[in-house]
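Following: one structure in structure tokens, then a few remarks.
Read the figures in this text as sums done on the coordinates, not as results from a lab. Treat the numbers as computed from the prediction; the structure is a model and nothing was measured.
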Amino acid sequence: MVYNSRTNEEESAMPQRTNRRQFNKALAAAGALSALSPFGIVRAQSKSLKVGVLLPRSGVQAGIGQDCHRGVEVAVRVLRDLGLPGLEIMNGDTESNVDVARARAERLIGEGAQLLVGAFDSGQTTAIAQVAEQRGIPLVINIAAAPPITEQGYKFVFRNFPTAPMILGDAFANQLEVFAATGVAPKSAVFMHVNDTFGVAMQKGFTGVMSKFTMPYKVVGTIAYDPAARDLSVEVAKAKATGAEALVMVSRLNDAILITRELIKQRWTPSAVLSMGPGWYEDQYLKTLGKMSDGPISFVPWYDPNKALTQRLLAAHAKAFPDISLNTNHVYTFEALLVAADAFKRAGSAEPKALADAIRATSIKDNVSPGPGIQFNAKGQNDKLKNSAIQNRGGKLVTVAPKDAADAKPELPMKPYQQR
């Protein structure tokens, strides 16, 4: 995955800040050397599609934007190997800001972008969608979960990413599968969430979606907090005081680390930490906390480890970034570019309406994300997407649900922090 410092989307910013000028210089240098790079992007060719990729490459979401960009780099090689047309990537930095996102979208279109991809964050993506629709340029959303984006009647906006209600629905379904598999079902839970765009959307849908499932636990408290907070001891103490067996989270990276450290400090190990969003499964969380990171289960948009294209993407990603695990940012950015290249090939043209019509008729069965494939409904939403349950295990991530897209069995209850 706005950012007025309170409304970041699908992931939390990495702890380090990035100097935008330095990062943009690095991108420029990379572009100059693209012909020599194994990820060299086809440029200035009539048979290539000019794709403006808008991501928060600087600002508070810089780490996430740069992570999504890794998905762009890997996609170039994999899509080429699949025999799809070349993509000329035009990079745009939203600076983690809604107004900048809008201006950058306008500028990329003015510079010749024939299709836009972005932007991780729901607020920034909303602004870009408005520009794309007004200018009649297709936008393929990589990550952004706020439902209203595809409820505006837009004709040029497409999203291959689940909405917040879709994430919630699959989260409850996968929780039930995990509880059945482990024989451990908490009777009470406390719900903690960030108060940004994504967190609020998830909170608003939580009770309504949960009512459609027969869950074993009752929610005994709801606690909201600022994702920029540096001390969450009070919030964790309130959660602990509810006496809840399980901790249900909608968080970001930094606060997931803060909360875990408070759980350890306050000597509280819930029987289950159930995360309905980013933070708990990220590489930095695993590396920072070591053995203390084991146990949480995240219910998130992920990848199906059993699909053939997933194996190709995993191999390409491991070769390019051996120290970084394949994750949501890479997968859905890759699939956004897959949609663009596939549509361009079928349309035989970069004319905006022809591209939009081709995207609308997308039917990609050989993909990476869980579910039957990539296709869009009348609103431009892929409503057939499925989400996964992934568990932190020994410093790695394993997929534990749904069963047909899993490579391991879930383990509950969590081992007490003090016994690790």
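Among the listed values (1) 122; (2) 142; (3) 151, the one computed from these coordinates for volume of the Cα convex hull per residue in Å³ is (1). Using alpha-carbon positions, what is the distance between the centroids of region 257-272 and region 102-133, in Å? So the separation of the two Cα centres works out to 40 Å.
Amide H to amide H distances under 5 Å link M90 with V51, G52, V53, where only residues 5 or more positions off or on other chains count and H is placed in the peptide plane. Per-residue 3J(HN,Hα) values for region 369-375, derived from phi via the Karplus relation 6.51 cos²θ - 1.76 cosθ + 1.60 with θ = phi - 60°, read 6, x, x, x, x, 10, 7 Hz in sequence order (x marks Gly and Pro). Straight-line reach from K240: taking Cα to Cα under 12 Å and skipping same-chain neighbours fewer than 8 places apart, the aspartates and glutamates in range are E262.
Pairs with C-alpha atoms separated by more than 24 Å, drawn from the list K353/K379; K155/K307; K319/K396; K212/K238; K319/K409; K187/K287, are K155/K307; K212/K238; K319/K409; K187/K287. The helix-only estimate of mean residue ellipticity at 222 nm for the chain, built from DSSP H runs of length n ≥ 4 each weighted as -39500 (n - 2.57), is -12500 deg cm²/dmol after division by the residue total. Rounded, prolate or oblate, given the Cα gyration tensor of region 163-262, with a/c below 1.5 counting as rounded? In terms of gyration-tensor shape, oblate. For region 92-244, the equivalent ellipsoid derived from the alpha-carbon gyration tensor has semi-axes of 37, 19, 11 Å in decreasing order.
Across region 74-230, the mean sequence separation of Cα contacts (distance under 8 Å, 6 or more residues apart), normalised by length, yields a relative contact order of 16 percent.
Note that region 271-420, at 20 °C in a medium of 1.002 mPa s, gets a Stokes-Einstein diffusion coefficient of 127 µm²/s from its Kirkwood radius over C-alpha pairs. Bridging of K403 to aspartates and glutamates at a Cα separation below 16 Å is possible for D170, E177, D304, E411, once same-chain residues fewer than 8 apart are set aside.
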